[in-house]
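Just so it is clear, none of the values below were taken in a lab; they were calculated from the coordinates. What you are looking at is a predicted structure, and each value in this text was computed from that prediction instead of being measured. Note that we place each Cβ from the backbone using ideal geometry, even for glycine, and neighbour counts take in every protein chain shown.
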Amino acid sequence: MNDCLFCKIIAGEIPCNKVYEDDAVFAFRDINPQAPVHVLIVPKKHMANMLECDAETAAALASAVGAIARQEGVDASGFRIISNCGHDACQSVNHLHVHLLGGAQMAEKMA
């Protein structure tokens, strides 16, 4: 998509702090981190959110989550993954993305 922020990041038109990339997925550090480790994991193929996600993309995202958690050193201590879907969930960019948060004790309450 021409006006999609994450598509522009994936294309290299907007700089980011990339932490992972494979054929299907691109991941980079959040510019407003909510935890010591806060990585956004996005499919390279544009889709609005989980409602448009196919099984192949879901598998690629899940695989990337594990790889990035190990790479960032939060695999043993624990981490949280979140994907906001739509306006009421406060999805700020209309491109499917998963937040991986870790590196500190998370609050039990998520909302």
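In table form, for the structure just shown:
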read-out	value
Any hit, segment 99-111, residues being acidic (Asp, Glu) and assigned to a helix (DSSP H, G or I)	no
Filtered residue count, segment 61-93, keeping only those that are out of contact with any Cys (no Cβ under 7 Å at 6 or more places or on another chain), assigned to a loop (DSSP other than H, G, I, E, B) and not β-branched (Val, Ile, Thr)	10
Some residue of segment 20-31 being of a type in the set (D, E, K, R), surrounded by 17 or more Cβ atoms within 10 Å (Cβ to Cβ) and under 13 Å from the mean Cα position of the chain (by Cα)	yes
Any chance residue 58 is touching a residue at least 24 places away in the same chain (Cβ under 8 Å) and in a helix (DSSP H, G or I)	no
Some residue of segment 41-61 being surrounded by 13 or more Cβ atoms within 10 Å (Cβ to Cβ), in contact with a helix residue (DSSP H, G or I) (Cβ under 6 Å, 6 or more places away or on another chain) and more than 18 Å from residue 7 (Cβ to Cβ)	no
